[in-house]
Each structure stands twice: as structure tokens, then as C-alpha cells.
Amino acid sequence: MNQVHPYMANSAAGSRAAMMSALGIDDVESLFDQIPADHRAGVTTDVPGIVSEAALRRELDRRLRGTVSTQTHLSFLGGGYWNHYVPSLCDEVAARPEIATSVWGTPSSDHGRNQIWFEFSSQLGALLDTEFVGLPVYSWGCATGHALRMAARLTDRDVVLVPDTVDPERRRVIDTYCGSPDLPGSITVREIPVDPATGTLDLEALRGLVDDRVAAVYVETPNAWGVVEHEVQAAVELAHSVGAEAVVSVDPTSLGVLRPPGSFGADIVVGSIQPLGIPLNAGGGVGGFIATRDDERYARQFPTLQVSAAPTTRPGELAFGMTLFEQSSYGSRELAKDWTGNSVYLWAVRAAVYMTLLGPQGFADLGTTLVRNVRAAAALIAEVPGVTVRHADRAFKELVVDFTATSLTVAEIDAALLARGILGGHDLTGSHAALDGCALYCITEIHTEDDVRELVDALKEICA
């Protein structure tokens with residue numbers, strides 16, 4: 001039975017007939033003839049008439065309960081998007097109407113929003129041991145791409161060095177930012193080998209790659225294999241030895257237990273803010289940050305917005321406002337330092353709330369928990385016959401698990417885990433010469449020992 005929806009004019013029979021008459025057709029299906037037959041489902045979807053919002057919600061809930069997600073399944077997925085606990089207060093504050101409505105509001109609402117953004121930059125700067133932090137860009141990859149272009153402008157050079165372990169998705173974003181060799185202003189990306197035995201940068205190889213054409217040396221710690229670079233300062237010093245910028249990527253959740261990058265000479269610091277109270281979501285940016293020391297040389301190259309505080313004419317009063325607005329694409333469009341693109345400023349609010357809730361001791365506790373959990377998990381997973389765990393002594397939050405001795409592919413193992421209600425690790429086969437038959441497993445503060453034992457028991461059944 002056809003039902004008329006009050007908000008869909010074309011659901012009324014008269015409206016539908018009028019539109020078909022204007023188009024000169026007798027059947028709506030004829031509009032879809034241009035779609036190849038093998039692209040169409042060939043079945044009629046049974047969609048009941050939705051007569052109310054409540055009925056629509058019930059129908060969506062019924063359908064979505066049958067999907068697979070990190071909420072319905074025990075998940076060990078990571079690789080740049082990690083399943084951390086998100087405090088309820090992050091949802092509460094970010095959903096407030098004065099925050100969740102348009103980015104640019106009234107002067108009074110902007111004052112409060114600017115203060116939150118200022119606190120975000122201040123708190124993240126304290127974590128990183130840097131002073132100048134821009135508002136977040138779309139993603140970790142975007143932040144890295146911007147930082148490498150900043151370095152090229154600062155040095156007037158056209159080569160950047162990046163580890164050959166960089167996640168393939170992030171590497172594609174970096175390559176896009178660096179541009180095609182056929183275009184003016186392009187940057188050449190060269191790879192730094194990583195020693196498969198240690199999972200860390202090959203410093204001797206890096207020493208042979210740095211020269212006076214290199215604009216930046218990019219280092220990740222923990223890297224894409226979850227391994228902490230124990231000699232990251234040596235890489236920074238090699239960059240500085242040839243006048244290049246040291247661009248260091250970090251996971252903010254590691255900074256309660258690891259040295260902040262500003263303390264060992266990093267020039268530009270980047271990373272993801274997703275671990276800071278940002279929920280996993282499909283198809284949307286989860287935020288990347290860019291930070292430097294408080295030096296005008298760097299500040300003048302930021303493509304992002306910055307919020308600063310300054311005294312007013314009233315003694316003791318502070319006001320918040322945008323800094324260097326004119327060099328962003330908001331202020332100068334195509335003449336800006338770089339194109340900022342999509343923005344995720346609402347996520348800065350969540351991150352500010354998250355960092356406020358944790359505080360210095362909370363970050364220390366979180367970092368300690370993450371290290372303890374991942375290393376305890378490594379020991380349990382290594383009990384599975386034919387399975388080995390690489391670099392467990394240097395792991396932070398993620399592990400490379402090697403299944404090559406099981407005679408099963410990672411895809412086969414992941415499919416068998418899924419049938420048992422478990423989302424296994426990312427299949428790393430093909431991503432690096434040393435990783436065929438390996439998977440990246442993520443263990444965070446939300447995973448219990450029972451969760452890991454459930455995984456281990458399933459792996460023992462599958463690999464037997």
C-alpha cells in the first residue's frame with residue numbers, strides 16, 4: 001500500500017503523476033534503464049511505509065543491529081583509528097547548542113568557543129612540549145602533508161624523507177600533498193628503510209640519504225607497526241646536520257610515558273587527535289594536529305587557524321581571537337600558505353574536554369595501562385602454536401602478529417574470527433616486504449584479559 005509522507009511531496013500520487021507527465025514517462029523504473037543490469041540488485045527492497053519518526057527509528061534500529069561494528073563485536077582493529085574509551089562528558093559538552101551549531105556565531109558565543117579552542121591548543125602544547133598549536137585539520141595524513149610542505153617552504157628545498165613503514169593510506173595522502181612531479185612546486189618523497197629485525201629506522205641508511213636537497217626528515221614514534229623509535233633523537237639530529245626540518249609524528253596517548261617531541265628537538269610535530277575523545281566514525285575526518293615552537297619563522301607557515309589570548313583595555317581581562325587569519329585559506333583563499341580543506345573544529349572541543357578530564361596524572365596512568373595491556377596481550381598471543389609476535393619489547397598499543405607458520409593466510413584467519421564475533425587485526429600482507437602473513441593487532445585500555453583470552457582461544461581453534 002502506497003503511503004503519503006508529509007515531508008516528501010513526490011510520495012503523493014498526484015505529484016508523482018505530474019512529474020512523470022513532465023518527463024514524458026509512464027513508469028518511474030524507466031529512469032533507471034541507464035544503469036547496467038549487472039550493477040542492479042535485481043530484487044525489490046522491502047521498505048515498509050514509514051508514517052512517523054518513531055517508526056523510522058525502530059526500523060533503522062532493527063536493520064542496524066544486524067551489522068558488524070566495533071560495538072557489536074570484540075575488536076582488535078587499529079592502524080590509525082583506535083577504539084579508546086570516550087567519556088560521556090565529551091558527548092555532553094560537544095552536543096551543547098552553543099557548540100554544535102555553526103562554527104561562526106555571535107560575538108558572545110564565539111568568545112566561549114574561542115576559549116575552548118585556546119584551551120585545546122594550550123593543553124596539547126603542554127603534552128607535546130611545544131608552544132604554537134593550530135586548530136586541527138581533517139586527518140593525521142593531512143597534518144603530515146601540510147607539515148612537509150611547511151618544511152619545503154622554510155628550507156626552499158624539494159625532497160622529503162619518510163619511513164617505508166608509513167601506513168599505505170597515510171602515505172597516499174602524503175603523496176597527494178607533495179604533488180605530481182609534472183606540476184610546479186612538487187616535492188619528491190624518498191623512503192627511509194626500516195630494519196625488520198628491530199622494527200625501527202635504519203639510521204645508517206638515513207645517514208646516507210640526508211643531503212642539502214632534503215627539506216624534512218619525517219619520523220613516527222610509535223610507528224605504523226606500533227614500535228617506539230628508541231633512537232628518534234638521533235634521526236632528528238641527522239636532519240639538523242644538513243639544515244633540514246625534523247617532522248615528528250606522535251600518538252598523544254603515549255606522552256604520559258614517553259618523552260614529548262619538543263624535548264628532543266622536533267621542529268614540527270604532527271599526529272592524530274582521534275585518541276583524545278573522538279569516536280570512531282566512517283567517512284569523516286577524525287582530526288590531525290600541527291604544532292611547533294613559538295617562533296615566527298614557523299608561525300608564518302601555518303595553513304591552519306590559531307586562537308590567541310590578549311589583554312583588553314580593562315585591566316585583568318583577556319579576550320580571544322584569531323591569529324594570522326590572513327595567511328589561511330579562510331582569509332586569502334588560493335593565495336594562502338596552503339589550502340586548509342575540511343575542518344574538524346568540533347573535535348577540538350571533544351579533545352579539550354578529554355585532556356581536561358585526564359590531566360597530567362591521567363595521561364601517565366593511561367600510557368602505563370596501554371603499555372601493560374599490549375605487552376600482556378603479546379605474551380598470551382605468542383602461546384598460540386605457529387604464531388609469533390614481533391617487537392613486543394618496544395610495542396605501544398599495537399602489535400605485529402606473524403601467522404606465516406600456520407599455513408593460513410591472514411584473510412582466512414580474519415574470516416574465521418569474524419564468524420566467532422571477533423574483528424581480527426589489519427591484514428598487512430602486501431603493505432611491506434617484511435609483512436606478508438602478518439596482521440596488526442590493537443590493544444587499548446578498553447581490552448580486558450578475558451577479551452584477549454577469548455581471542456587467543458579462537459586463534460588456537462582456527463590455527464590447530
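Once the mean 1/r over all distinct Cα pairs of region 88-354 is inverted, what Kirkwood radius in angstroms do you read off?
Every distinct Cα pair counted, the radius reaches 19.0 Å.
Kindly provide the GluC sites (Glu not before Pro) of region 172-221 that DSSP labels as loop, not H, G, I, E or B, and whose Cβ sees at most 12 other Cβ atoms within 10 Å.
none
Please list, ordered by chain and number, the residues whose modelled amide H lies under 5 Å from the amide H of Ser249; skip anything fewer than 5 residues away on the same chain.
Val219, Glu220, Thr221, Val270
For Ile192, list long-range residues whose amide hydrogen, built 1.01 Å from N in the peptide plane, is under 5 Å from its own amide hydrogen.
Close amide H contacts, sequence-distant or interchain: Val162, Asp164.
What is the packing order of peptides 11-20, 61-70, 432-441, taking the mean over residues of other C-beta atoms within 10 Å and listing the highest first?
432-441, 11-20, 61-70
For labels at Ser241 and Asp393 in the simple 7 Å Cα→Cβ model, what's the distance in nm?
The answer from the label model is 2.6 nm.
Tell me which residues come under 5 Å, amide H to amide H, from Ser75 once H is placed; ignore anything under 5 positions away on its chain.
Leu423
Sort 230-236, 205-211 by the packing proxy (mean of other Cβ within 10 Å over each peptide's residues), most packed first.
Put in order of decreasing packing, that is 230-236, 205-211.
Show me the ranking of peptides 357-368, 384-395 by mean Cβ neighbours inside 10 Å, starting with the highest.
With the highest mean Cβ count within 10 Å placed first, the list reads 384-395, 357-368.
At q = 0.11 Å⁻¹, what base-10 log of I(q)/I(0) does the Debye formula yield for the chain when every alpha carbon is treated as an equal point scatterer in vacuo?
-0.99
How large is ³J(HN,Hα) for each residue in region 331-336, as worked out from phi by the Karplus curve 6.51 cos²θ - 1.76 cosθ + 1.60 (θ = phi - 60°), to whole Hz, x for Gly and Pro?
Computed from phi, the couplings for region 331-336 are x, 10, 6, 6, 8, 6 Hz.
Using the Karplus equation 6.51 cos²θ - 1.76 cosθ + 1.60 (θ = phi - 60°), what ³J(HN,Hα) coupling, rounded to whole Hz, does each residue of region 408-421 give in order, writing x for Gly and Pro?
10, 7, 4, 4, 5, 5, 4, 5, 5, 5, 4, 5, 9, x
Bear in mind that the values in this text are calculations on the coordinates, not laboratory data. Note that the structure is a prediction, hence the values are computed from the model and not measured. Virtual Cβ from ideal backbone geometry, glycine too; neighbours counted across all protein chains shown.
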